[in-house]
Amino acid sequence: MSTLNKVLIVDDSKLIHQMYRLVLMKYKGCAIVDAMNGLEALDVLSRENGIELILLDINMPVMNGVQFMEKLKRDGLYRHIPIVVISTEGKEEDTVKAMKLGAWGYIVKPFKSEVLYDLIGKVLAKKPSALMEAGTKHRL
């Protein structure tokens with residue numbers, strides 16, 4: 001099993017945060033950082049080092065997931081961090097837009113925890129050394 005050290009969960013539902021925590025327990029020692037919307041997530045990114053994965057909802061108040069990904073794409077500062085979108089929005093155009101904005105994967109809610117766990121494994125397997133390298137290069 002690949003290691004996962006720090007994950008940022010961005011979702012306006014506390015229940016979803018708890019569910020993701022249960023899935024991430026399989027990665028022993030994984031630190032989890034929470035944000036309730038995209039604006040809060042930007043703040044977290046500015047002060048937290050070593051985030052290796054972002055689990056992102058689309059529908060949130062203040063700044064939604066699409067706006068958050070557009071901001072990251074424009075700034076380019078955190079483009080090395082893989083984003084997995086997990087949303088109730090399952091239309092093909094939503095998926096395509098998220099992928100164009102840099103998402104590494106897209107899961108439609110509701111889903112089984114194994115689906116998320118498998119996707120995280122694929123993300124880590126796809127670019128493990130680059131994640132480690134990027135995490136050290138772009139520290140604030």
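All of the numbers you see were taken from the coordinates with simple rules; none came from a lab. Quantities reported herein were computed from a predicted structural model and do not represent experimental measurements. Every residue, glycine among them, receives a Cβ derived from its backbone with ideal geometry; neighbour counts consider all protein chains shown.
Here are a few things to note about the model shown:
- Inverse mean reciprocal Cα-Cα distance (Kirkwood Rh) of the range 1-48, Å: 11.2 Å
- L15-F111 pseudo-label distance in nm [points 7 Å out on the Cα-to-Cβ vector]: 1.8 nm
- Looking at the range 1-50, the trypsin sites (Lys or Arg not before Pro) that sit in a DSSP loop and have at most 15 other Cβ atoms within 10 Å of their own Cβ are K26, K28.
- The value for the chain of Rg(Cα) / (2.2 N^0.38 Å) is 0.95.
- Normalised by the number of residues in the chain, the mean separation of alpha-carbon contacts (under 8 Å, six or more apart) gives a relative contact order of 24 percent.
- Ellipticity at 222 nm from helices only: DSSP H runs of n ≥ 4 in the chain, each -39500 (n - 2.57), divided by the residue count, give -14000 deg cm²/dmol.
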